[in-house]
Amino acid sequence: MSLRFYELAAADPAVRFSPHCWRVRMALAHKGLEAERIAWRFTDKAAIAPSGGGAVPVLVSGETWLSDSWRIAVWLEESFPDRPALFAGAGGRGEAGFVKNWTETVVQPGLMRLIVKEIHDALDPGDQSYFRESREARLGERLEVLHDGREARRPALREALAPLRRTLGDQAYLGGDAPLFSDYIVFAAFQWARSVSAWPILADDDPLHRWLDGIGGLYGGLADQAPRAA
Ligand SMILES: N[C@@H](CCC(=O)N[C@@H](CS)C(=O)NCC(=O)O)C(=O)O
């Protein structure tokens, strides 16, 4: 079954930074699946119109267009049941739902306000005004103001990561002894940040580095070796 994968790209098309796309990239690698990766830009809505939406990730299999990282992961799990599991059964999938919602309501919004100016700067010029307008409306602030105030906001994000830090103090991965989709959901948010920004989100001695480094090195260093804008 051949797969096509639309991924958000920066000005340098080799830089793929979207957190939601990174979830799918890691999920495909976890399942041992190859996909043709297609660079997509925010303003190229027409290219993914058959998905029914205007956002990536989009995965295409034959005539089937799938959008939304969670739906794609569930589809991969159901379509490739003999490959390594992304969820630990129905209960594990339920719990991964909490991880997804925590990541989307706490981790990603916190990171966004720290790196949004650098995302903008990494974008293709054709995407920059769309991004600025839509994100300033969403965040209620100018990108430069958010950037200038980020030092003061970083401690709050570090503190908000306490549940993750404590869980990973007791076990190697959110999935237990080995990573599952829940690990990739949170990891992808950090991969988003480091794809566009060299500014340290975590303190040097944060124990989360062990977990991040472990996942970054998986699948031949897929994430660690990915091109970055910063
Ligand atoms: N719930 C979706 C969110 C997808 C999403 O927001 N994608 C962003 C890139 S990270 C996007 O394509 N946004 C399009 C836009 O802002 O116009 C998922 O999990 O895949």
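Look at the range 80-104: where a residue is at pLDDT 95 or above and a partner is of a type in the set (F, W, Y) and not in a helix (DSSP H, G or I), sitting 6+ places away or on another chain with Cβ atoms under 8 Å, you get R93/F87; A96/F87. Restricting attention to the range 56-79, the residues that are assigned to a loop (DSSP other than H, G, I, E, B) and either surrounded by 18 or more Cβ atoms within 10 Å (Cβ to Cβ) or touching a residue at least 60 places away in the same chain (Cβ under 8 Å) (or both) add up to 4.
Filtered by the rule that a residue be assigned to a helix (DSSP H, G or I) and within 12 Å of the ligand (Cβ to nearest atom), the range 117-131 gives I119, D127, Y130, F131.
Restricting the first member to the range 107-136 and to residues that are more than 11 Å from S197 (Cβ to Cβ), and the second to residues that are among the hydroxyl-bearing types (S, T, Y) and within 12 Å of the ligand (Cβ to nearest atom), the beta-carbon pairs closer than 6 Å and six or more apart or on different chains are G126/T43; D127/T43; Y130/T43. The single condition from (1) farther than 28 Å from P125 by Cβ; (2) modelled with pLDDT of 95 or more that T43 fails is (1). N101 meets all of the listed conditions (1) more than 23 Å from E133 (Cβ to Cβ); (2) away from the ligand (no atom under 15 Å from the Cβ); (3) surrounded by fewer than 18 Cβ atoms within 10 Å (Cβ to Cβ) but one, namely (2). Would you pick out the residues in the range 202-224 that are farther than 23 Å from E95 by Cβ and more than 15 Å from the chain's Cα centre (by Cα)? Result: L202, A203, D204, D205, D206, H209, D213, G217, Y219, G220, G221.
The values are calculated or read from the model by the stated rules, or taken from the named source; none is laboratory data. None of these values were measured; they are calculated from a predicted model. A quick note on method: Cβ atoms are made from the backbone with ideal geometry, for glycine too, and the neighbour counts reach across all protein chains shown.
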